[in-house]
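Asker: Got a structure here, written out as structure tokens. Questions coming.
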Amino acid sequence: MDRLYLEVLFFYITQFMKQTISKITINLLIFLFTSLSFFGQTSQEYQDSIKTEIRNLPSDSLRAKKYYAASLFALQRLNDLELSRLYLDSSMHYSQISGFTDSEAKCHFLYGLLERIDGNYDVALAHLDTNITYFENDSTNKAYAMFQVGVIYKLKGDYQNSLETYYEILRIFESKKDSFAMASTLNSIGNIYGDIDKYDEAIENYSRAKEIFIIKDKKRDVSNSYQNIGDMYLRKTDTLNARDNMERSLAIAQSINEDYAMANASNGLARTYLNSEPDKALEYYKEAESILERIEYNSLLVKVYRDLGHYFRDANDNTKAILYYNKALVLAEELDELPPKEGIFEGLSSIYESENQYKKAFNYQSKYILVKDSLLNKENLKSINLLQTQYETERKDKEIIQQQLQIEQTESELQEKKTQNNYIIGLAVFLFVASLLAWFVFQQRQKRKDQEIITLKREHQIKTLESLMEGEEKERLRIAKELHDGVNGDLSAIKYKLSSLLELNNTVIQEAITMIDNSYDQVRAISHNLVPPSLINFSLLEATQEYCNNLDAIHPIQIFYQQIGEVVSIPKKAEVSIFRIIQELVNNSIKHADASEITVQISCRDNMLQLTIEDNGKGFDKGKVMGAGIGLSNVESRVDYLEATMDLISNDQGTSWTIEIDTNKLDDN
């Protein structure tokens, strides 16, 4: 199985799976892990598992799908063409008896691939034609089936039909704005032009493909494009440009450790050194031969054998030359590929002619001419030139390709690895998916833990604030009681005794009594400020109004109170915190603002309570004051406790505090 087969097969697998196993995500995951579990199975174990699964399926259409998937698995993972065909026959049977025409058409596509691999090109074309007819209105599926048709025509040496097919595919991908598929098709068109010695046209198509691959960051394909361009320059005898492109190709291939690309580039570089440094050329040939024999990539290995035959022929080592030509010929026969035979027959003819074996020389020369004539004739060239002209005209009119380079299209791996490598790949995929799922689960758990920690911290902070505020209120109550019961009592007693002396009409005593009255009022005010009786006996609104009225009566500053909107009803703890905020901010304005007016406003609408304290004083520097004093720190702590938001505006026109509280967040404790 070669690279072109893999490119299309993997795409078709994706399309099939999307259409048959994509109802919900969990089904896809079940299928993924089920498939991955097969990677470690033997062929017999896999067959046994399929039999068990088939017996449990309730309908023929599901059996058709399962057998199709099994056929793909046998082809990809088990590398068993016979088993793949057996499962495909079963899929076709159940597709037909269930009337599942979509599955039947897909079976024809896979039959086409299997027949192509077996070298039965005419049978393969018949199956692919059936698939194309069915998907006539599905341009994407049609294009990928046509791609295989183009490959088969090229392998048969029918360049005219191959090129015509590729140009039609290119137009489809242009309309779909599928830039990666366009690049792959341009590369195939370049291959055909190279085979018919139209080097400039080949370079143009390879270069356009290369630019797309660079944008897509497809390094292996960029390497391949450089190699193809270098090969065309070499055929034009432009050795410097050929070597430059092939060295670029090899450098990229080595950077990604891609066997096929390294072998391809090494083979190309060998040919650039063939005339100038033959020993260096042989080193590159041997490197390519070693890699390709190891990975069993015969479609390129046949060309390396052919080129090694040329090398030893030119070195007058006819024995080795004939050995390599024959090895190349065997592979060409196995692959049923016509193009490599042209160089093989020409090389063998020249060797036998140099050895005066004219009969053999004539025989191979005749075969060479026959192959060359089959590959290229005047009618083919005329048709190809016409196709090229038609396409170039359309391309120049549309100017599509450069505007479509950002669309992604997946590309599959270079070739099918051996069964052992497939097991390793499968295990790697399984581990990756398992790791990904484990990472995802871990991340979700970590997020939950982080959220729990934040919640616990928040609860701890709230409890701490509650404890602090409860302690503060208790301390206020204690101090207020001591002032009321102790100092006030003493002041009252002193006043009583001094009052008894007023009969003496002593002015000094009268002044002392007046001072005691003032001290009494101040102590009483402090006591009420610490634990205002109104807040204990009344609501927040009533307590705030009484507080503002009292302050307005004893201070020269005018203090206004306003209540707007709905009557607010909130837990007592929240009322205490809000009242303390009002006290702190009003006291700050009285002490520091040099204001003539202070306004306290409470409004409530739609469960949103807004508290506004404003003065017309001198303002202050927010950066220096915020957080610097105990009072404002207490305000900030209480705002946090209430889960409220606070906004401050302060300038030489005055200061405005706005605090918004969502009453739904206030716990009723």
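The values are calculated or read from the model by the stated rules, or taken from the named source; none is laboratory data. Bear in mind that the values here come from a model prediction, so they are computed numbers and not experimental data. So basically every Cβ, Gly included, is an ideal-geometry build from the backbone, and we count neighbours across all protein chains shown.
Asker: Give me the residue from the stretch 274-304 that is among the polar types (S, T, N, Q) and either in contact (Cβ under 8 Å) with a residue 60 or more places away in the chain or outside any helix (DSSP H, G or I) (or both) and, out of that set, nearest to Pro340 (Cα to Cα).
Answerer: Ser299
Asker: Moving to a separate point now. Given the condition more than 20 Å from Leu269 (Cα to Cα) and surrounded by fewer than 19 Cβ atoms within 10 Å (Cβ to Cβ), answer yes or no: does some residue in the stretch 185-193 qualify?
Answerer: There is no residue in the stretch 185-193 that is more than 20 Å from Leu269 (Cα to Cα) and surrounded by fewer than 19 Cβ atoms within 10 Å (Cβ to Cβ).
Condition check ((1) β-branched (Val, Ile, Thr); (2) surrounded by fewer than 19 Cβ atoms within 10 Å (Cβ to Cβ); (3) in the same structural domain as Glu660 (by TED's automatic domain parsing); (4) more than 18 Å from Ile661 (Cβ to Cβ)) across all residues:
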| residue | (1), (2), (3), (4) |
| --- | --- |
| Phe560 | no, yes, yes, yes |
| Lys573 | no, yes, yes, no |
| Ser577 | no, no, yes, no |
| Ile582 | yes, no, yes, no |
| His592 | no, yes, yes, yes |
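Asker: If the requirement is being modelled with pLDDT under 85 and surrounded by 14 or more Cβ atoms within 10 Å (Cβ to Cβ), which of these qualifies: Val568, Val600?
Answerer: None of the others qualify; the one that does is Val568.
Asker: Can you name the helices (runs of 4 or more DSSP H) wholly within the stretch 61-166 that have at least 3 residues being β-branched (Val, Ile, Thr)?
Answerer: Per the criteria, 121-134, 139-155.
Asker: Looking only at residues in the stretch 543-552 that are free of Cβ contacts under 8 Å to residues at least 24 places away in the same chain and over 19 Å from Asn616 (Cα atoms), which one is farthest from the chain's Cα centre (by Cα)?
Answerer: Out of the qualifying residues, it is Glu546.
Asker: In the set Asp317, Asp336, Asp373, which member is of a type in the set (Asp, Glu) and modelled with pLDDT of 85 or more?
Answerer: From the options Asp317, Asp336, Asp373, the qualifying one is Asp317.
Asker: Only residues that are without any contact (Cβ under 8 Å) to a residue 60 or more places away in the chain and surrounded by 15 or more Cβ atoms within 10 Å (Cβ to Cβ): list them for the stretch 319-335, please.
Answerer: Ala321, Ile322, Leu323, Tyr324, Tyr325, Lys327, Ala328, Leu329, Leu331, Ala332
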